[in-house]
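**Q** Shown below is the structure under consideration.
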Amino acid sequence: MGNGHHCMGGVMLTAIGLMFAFAAHGSSAQSADFERQRLLWADFESHMEGLHQHEPGERGLCLTGLVQRLRLDWHVLTAEQRTSITRALAPSRQDLFEAVPEAGRPTNKSMASDTCWESRKENRLDTEHFSIQWDGDVISDDAAQAFADSLEESWEIEIDELGWRKPSGSDRYLMRVEVERMGGGAGAYTSVDYCDGAYRPYVVASSGSFRQGNWYKTMACHELHHAIQYAYGFAHEFWWWEATATWVEDLVYPYANDWANALYMFSQSPHLGMNSSAGNSNDQELFWHTYGMGIWGMYLDQKVGGNEFVRATWEASESAFCQYCLWMPDVIDDLDEDFDELYADFLATTAVMDYRDRVMLTDVRRTTTVQTMPADGQAPTYGRPQSLGMNIIEFEADLGEEGKVLEVTFDGASYPDYWIAILVRGSSEVEEMVTFEIDERGDGMAFIPFEGDEPVHLVVSPVEEDAQGYWYDWSDGTDYNYLWS
C-alpha cells in the first residue's frame, strides 16, 4: 500500500508544452473556475432547499462541510452569489468570511470570561465555556438556556470524560455560538475565524433547530465535536469530519438515537466509497453518506480500540501538513494496525450488523440474494462498488445442507489496485469469516461451512489509492466490475 499523504489543498496543473502553456493557462483556469463556481452554487442551493423543506421530526442538517467548501472556493463565486450565501447563512454579516473585530486579549488568563471577538448581538447568555448570542426574539431565553445546558453537557462528556482535545483558545476565551434565522428548518455549522494569532472555532445554529423537539441536543454535541476536530488540524478528508461527529452522538446522548437515522443512509448505498463525499457536487446521496459512515467510527470503537482509537485517528492528523487529504488506510497503518485486516473484519461485521444497539440499525442493502444453487453473477449495472465501497451477495440459509461447504470463486474483472473479499456466515452475529486470497489478476477462491443453519454472505470491495483527496470527483467516481460463481 503506497503513501496516500498527498497534499490536495490546491489544483496541480500540468504543462502540456511551452508552445501552448501561456495561451492555454488563462482560458483553462477560467473554465475550471467557472465549473467550480457552478458546482459550488448548486451545492449551496441544494443544502438550502433541504433546510427550508425540513419537516418536524427529521434529522437536521449539519452545514459544516458546505462552509468548509465555501471557504476554500469563495473567490470563484460572483459578488451577487456571495451576498446571497451570506444572507442565508450569516444574515448579520456583510460577508460570510469577513474579519470580525477582536475583543482584545483577556486581562485575567486564569479563566475564560469573554469571546475572542467583539459581541455584535443584542442578547447573550454566557456559561463556563460558551457564549450564546442572538438578536431580538430569534430564540427564546428558555431555549437559549436549554441549548447552553446541552453544550456544557456535551463538553463534560466529550472533553472531560472521553479525553478529546479542547477547542482552540478555550483556555482564554468562551466559544461564540450564534443563533441566526436561516430558514424554518433545523441546521447548524461550525467554522473558524482568525483571532489572537490562531484560528478559533465558532458555531452558528438555525433558529428552526429549536422547534424540532430535542434535536438541538444532538446538534450541540455534533457541532462541539467539529470545534474539537479543528484543534487537530485540517488534514482529514471531509467524510471523517461528519462521520466522527455522528458517531460521538451515541456516546453523549445514547437515548436519542439520531445517529441511527444517519446510519440508515449508509445502509441504503453501501457501494459508495468509505471516503466519498459530495465534495464539488450537489449529490445528496453522497452528502448523506458522510453521516452514514459514522458506522466506521462505531466499528473502530466497538471492535478495535474504543473511543481512544477513534480519537487516535484525529491525533494522527497533526503530522499531515495538508488540507482534507488524509486517507484512512494510511491512518490505520500508521496506528500500527493492518488496514486490510481491519477492513475485512469491518465488511463481515457490517454485513450482519454485529453491533451494539443492532435493533436500531437498518440491514445493509443486498446486491443479490441467491435462492437457487449452483449460481453465478456479476456486479450490478447500478451500484457497482467504488473504492472502499462494498457489494453484498447473500446465500440464503436453506440452500445449505449438513456437512456441506459453500465454495465461491471470484474474478475481479476490472482492476483497482487490489480487491478485498470475504465470506461471512451468520445473520445477526459473525459466526465465521474467511478472507479470499486474491492474486494480481484479481482472481481468488474461498470456502466456508454452509450447513443450512445460517446464511452466508460474499462481500467484495475494491481499493484504489487514487480515489482520495479533496479534488477527487466522487459523483463521477470509478466503480468496478467483478464476476463470481
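**Q** Give the relative contact order (percent, whole number) for the chain; include only Cα pairs under 8 Å separated by 6+ residues.
**A** 14
**Q** Read phi for every residue in the range 446-461 and hand back ³J(HN,Hα) as whole Hz from Karplus 6.51 cos²θ - 1.76 cosθ + 1.60, θ = phi - 60°, with x for Gly and Pro.
**A** Listing the rounded values in order: 8, 9, 8, x, 9, 9, x, 9, 9, x, 10, 10, 9, 10, 10, 8 Hz.
**Q** While we're on this one: For the range 208-271, which chymotrypsin sites (Phe, Trp or Tyr not before Pro) are both in a DSSP coil and crowded by at most 11 other Cβ atoms within 10 Å?
**A** Qualifying residues, ordered by number: 255.
**Q** Can you give me the angle between helix 141-155 and the longest principal axis of the chain, using Cα atoms only, in degrees from 0 to 90, rounded to the nearest 10?
**A** So the inclination is approximately 50 degrees.
**Q** Report for the chain the percent antiparallel among DSSP-assigned beta bridges with both residues inside it, nearest 5.
**A** Of all bridge pairs located within the chain, approximately 75 percent are antiparallel.
**Q** Under Stokes-Einstein, with the Kirkwood radius over Cα pairs standing in for Rh, what whole-number D in µm²/s applies to the range 103-177 at 25 °C and 0.890 mPa s?
**A** 187
**Q** For the range 395-408, just list the computed ³J(HN,Hα) in residue order, Karplus coefficients 6.51, -1.76 and 1.60, θ = phi - 60°, integers in Hz, with x standing in for Gly and Pro.
**A** 9, 4, 4, 6, 7, x, 9, 4, x, 9, 10, 9, 10, 10
**Q** Whole number please: convex hull volume per residue, Cα atoms of the chain, in Å³.
**A** Output value, Cα hull per residue: 157 Å³.
**Q** Here is a follow-up. Output the peptides 168-181, 132-145 sorted from most to least packed, where packing is the average of other Cβ atoms within 10 Å over each peptide's residues.
**A** 168-181, 132-145
**Q** To the nearest 10 degrees, how steep is helix 238-252 against the longest Cα principal axis of the chain, on a 0 to 90 scale?
**A** Helix 238-252 sits roughly 80 degrees off the main axis of the chain.
**Q** Let me ask something else. Could you tell me the ratio Rg/Rh of the range 260-380? Both radii from Cα atoms, Rh via Kirkwood.
**A** 1.00
**Q** Let me ask something else. Compute the acute angle (0 to 90°) between the alpha-carbon long axis of helix 79-89 and the principal axis of greatest extent of the alpha-carbon atoms of the chain; round to the nearest 10°.
**A** The angle comes out at about 90 degrees.
**Q** So for each of 361-369, 400-408 I average, over its residues, the number of other beta carbons within 10 Å; can you give me the resulting order with the highest mean first?
**A** 361-369, 400-408
Each value in this text was obtained by applying a stated rule to the coordinates, not by laboratory testing. Predicted model only: the values in this text are computed from it and were never measured. Virtual Cβ from ideal backbone geometry, glycine too; neighbours counted across all protein chains shown.
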